[in-house]
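Right, one structure below, let's go through it.
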Amino acid sequence: MRAVWAIAYGMVKELVRKKDFYVLVIFMFVLLGFLSYQNFFQVKGISRYVRDFGYSLLMFFSFTIAVTFTAKQLPSEIESKTIYPLLAKPLSRHMVIFGKFCGGVMISTISFTIFYAIFTGFYMTGGGKSLVLLGQGFIFGVLFLCMVSALVMFFSNFITMSANVTFIFLLYLTIRGFSDFLRGIILFSKGIVATLYGILYCLLPHLEFFDLRIRITHAWDPLPMWVVFTVVGYTVLYCCMLLSLAGYIFERKRL
């Protein structure tokens, strides 16, 4: 595990050296600060719109960091030949995959935590009071980033960095925008077609499970704990499946 930690820690240092992250933090803070002036807009209940926009912004920024930082790890290592001294150590290819995954999760979680702290400040000053719901939002955000990092690591075995980033963004937008449409197709299909659609739907990564935007925006009641544990279990199983397949494929890949 020490080698895995070393790989992950190297990715975290890369985040610290990047200026893009600091620009996003400042941009989010300034933008939410500007939008929080309710009297400027003369709109009743504008704080809900600020919460909605702020939550969407922090999730998108964290998602972008998770995808871009994780997607370049394997391709850049292979292209620069630095993968060979890494594999020369007593380190299996499965552990390399796991280390890169942990690094992607750590980078995105650190970024997400900072973004979420900024959002929480504006949430509390805007009238939000549910700390339990905020805690659930944070947990679901971390689970979302784990799922995204696992997906990126899996597809790193097949496609280039730019193609990987593009595909994950398209997958995310498709699932977010058409999940209800896909469920409708399954419900109105019959026979073998319905079975095939059902299997495909179950295999898809349901990133919409982690979105608590509407619940946080309108200050609804927190989720029941059984729902939280179900989503945690789903994320762990799906990530384990993806990482196991990624390690198996990478183990048999010619470098």
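Here are the numbers:
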{"item": "Listed peptides 50-57, 219-226, 148-155 by packing density, highest first (mean Cβ within 10 Å)", "result": "148-155, 50-57, 219-226"}
{"item": "Separation in nanometres of the label points that stand 7 Å from Cα toward Cβ, at residue 232 and residue 52", "result": "3.1 nm"}
{"item": "Simple label model, 7 Å out from Cα along Cβ direction - residue 166 to residue 202, nm", "result": "3.3 nm"}
{"item": "Neighbourhood charge, 13 Å Cβ-Cβ cut-off, centred on residue 149 and excluding it, Lys, Arg +1 and Asp, Glu -1", "result": "+2"}
{"item": "3J(HN,Hα) from dihedral phi, the stretch 143-157, Karplus parametrisation 6.51/-1.76/1.60, rounded to Hz, x for glycine, proline", "result": "4, 4, 5, 4, 4, 5, 4, 5, 4, 4, 4, 5, 6, 5, 6"}
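Just so you know, all these numbers are worked out from the coordinates, no wet-lab data involved. Just so it is clear, the model here is predicted, and its values are computed rather than measured. Cβ atoms come from the backbone with ideal geometry, glycine included; neighbour counts cover every protein chain shown.
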